[in-house]
Amino acid sequence: MKKLKISIIGAGNVAFHLARIFSQKGIRPVQILARNTACHEDMKPYASNLITKTRELEPCDIIFLAVNDDAVSALASQIRLKNTLLVHTSGSLAGDAAASAGNKCGVFYPLQTFSKQRFPDFNEIPVFIQAEDQESMILLEQLASKLTSHVHHSDDRMRKLLHLAAVFVSNFSHALYLLAEDFLKTESVPFEYLHPLIKETALKAITSDLSQGQTGPARRNDKETLESHLILLEQHPEKQEIYRLITRYILNKYHPD
Ligand SMILES: NC(=O)c1ccc[n+]([C@@H]2O[C@H](COP(=O)([O-])OP(=O)(O)OC[C@H]3O[C@@H](n4cnc5c(N)ncnc54)[C@H](OP(=O)(O)O)[C@@H]3O)[C@@H](O)[C@H]2O)c1
């Protein structure tokens, strides 16, 4: 099998992890385009050639556009390279968002939350791939299966729905941790006391029935406790509104009458 050649555009969270994991698997990116040279230090270990402009890009098998969603189309339209597949890594952009006049396009969406400080096991991450033709699909499959045992074909709707669900389970949960930390800080209570609870809640969510696993005052319809929590939140109207909203969701689900 011929050695695959890849390049990456971007130097943010996803670009960093793709560059790192591909390098680990022996597919060191040929070029990484980071428009901000301050990011070159982060990416230097993972690329032979760091560049700043799309016109410096050379043909290869695949270029990953791991950039902000709203930059994908404009960047792709600047690229015209022979036999080079352009893929974006977004959960919500259309499958043809990386289309350009001279190149085939596709999607390589890893469903995980990426930050430069964390190193999740890539082999456990589901990657959703899409391409407009069979040859590109095979290429994407080949590449994705080097990183993970969980390669899936998707379409735009499935990927968007998964991305939306991911916002609920990851981004919103994280925001709720921040909210709780913020609230406890105002009362000088350490957030760390909640760490075992956070771990157990996440483990329970993936190991047992979700509907049965729900606990708490709203699940029990414990009205006095609910009222006392709202009183504690009186000085925090935004947090109080979030508390009411999620409480209403749980009450409607378990106590609809
Ligand atoms: N983070 C996640 O958990 C995650 C997970 C799955 C998929 N994704 C998707 O992956 C993509 C990248 O997300 P991210 O979290 O890695 O974003 P990020 O950390 O904010 O990084 C975005 C990168 O894109 C670069 N960029 C933006 N506009 C550009 C342009 N016009 N030309 C060249 N470079 C440009 C930025 O450069 P500057 O620093 O110079 O602005 C930065 O290096 C998005 O489509 C996102 O939806 C993210």
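Could you list all residues from the range 11-21 that are near the ligand (Cβ under 7 Å from one of its atoms) and open to solvent by less than 10 Å² (accessible area, probe 1.4 Å)?
Ala15
Can you tell me how many residues in the range 65-79 are part of a helix (DSSP H, G or I) and more than 9 Å from the ligand (Cβ to nearest atom)?
Looking only at that region, the number is 3.
Checked against (1) over 22 Å from Ser136 (Cβ atoms); (2) part of a helix (DSSP H, G or I); (3) within 12 Å of the ligand (Cβ to nearest atom); (4) open to solvent by 30 Å² or more (accessible area, probe 1.4 Å), Arg55 meets all criteria but (3). Residue count for the range 228-247 satisfying the condition of being within 30 Å of the chain's Cα centre (by Cα), open to solvent by 50 Å² or more (accessible area, probe 1.4 Å) and touching a residue at least 12 places away in the same chain (Cβ under 8 Å): 4. Within the range 107-120, residues that are over 27 Å from Ala94 (Cβ atoms) and near the ligand (Cβ under 9 Å from one of its atoms) sit with their Cβ atoms under 9 Å from residues that are open to solvent by less than 50 Å² (accessible area, probe 1.4 Å) and part of a loop (DSSP other than H, G, I, E, B), at 6+ positions apart or across chains, in these pairs: Lys116/Gly12.
Highlighted here are the helices (runs of 4 or more DSSP H) found entirely within the range 144-215 that include at least 1 residues which are free of Cβ contacts under 8 Å to residues at least 60 places away in the same chain and within 17 Å of Glu124 (Cβ to Cβ): 195-207.
So in the range 80-94, with the set limited to residues that are surrounded by fewer than 20 Cβ atoms within 10 Å (Cβ to Cβ) and more than 8 Å from the ligand (Cβ to nearest atom), which one is modelled with the highest pLDDT?
The qualifying residue modelled with the highest pLDDT is Ala94.
For the range 184-227, the candidate set comprises residues that are within 25 Å of Ser170 (Cα to Cα) and of a type in the set (Ser, Thr, Tyr); within that set, the residue that is most open to solvent (accessible area, probe 1.4 Å) is Tyr193. The lone criterion from (1) within 13 Å of the ligand (Cβ to nearest atom); (2) outside any loop (DSSP other than H, G, I, E, B); (3) open to solvent by less than 20 Å² (accessible area, probe 1.4 Å); (4) more than 18 Å from Lys104 (Cα to Cα) left unmet by Cys39 is number (3).
Any chance you could count how many residues in the range 27-36 are touching a helix residue (DSSP H, G or I) at 6+ places or on another chain (Cβ under 8 Å) and either within 12 Å of the ligand (Cβ to nearest atom) or of a type in the set (Gly, Ala, Ser) (or both)? Result for the range 27-36: 3. With respect to being open to solvent by 10 Å² or more (accessible area, probe 1.4 Å), among the aliphatic types (A, V, I, L, M) and part of a strand (DSSP E or B), Leu50 fits the description.
For Ala101, indicate whether it is surrounded by fewer than 21 Cβ atoms within 10 Å (Cβ to Cβ) and either within 13 Å of the ligand (Cβ to nearest atom) or of a type outside the set (Phe, Trp, Tyr) (or both). It is true that Ala101 is surrounded by fewer than 21 Cβ atoms within 10 Å (Cβ to Cβ) and either within 13 Å of the ligand (Cβ to nearest atom) or of a type outside the set (Phe, Trp, Tyr) (or both).
The values are calculated or read from the model by the stated rules, or taken from the named source; none is laboratory data. Only a predicted model underlies this, so the values are computations on that prediction, with no experimental measurement involved. Here the Cβ is made from the backbone with ideal geometry for all residues, glycine too, and neighbour counts use every protein chain on show. Accessible surface areas use protein heavy atoms only, side chains included; no ligands, DNA or RNA. Shrake-Rupley method; radii C 1.70, N 1.55, O 1.52, S 1.80 Å.
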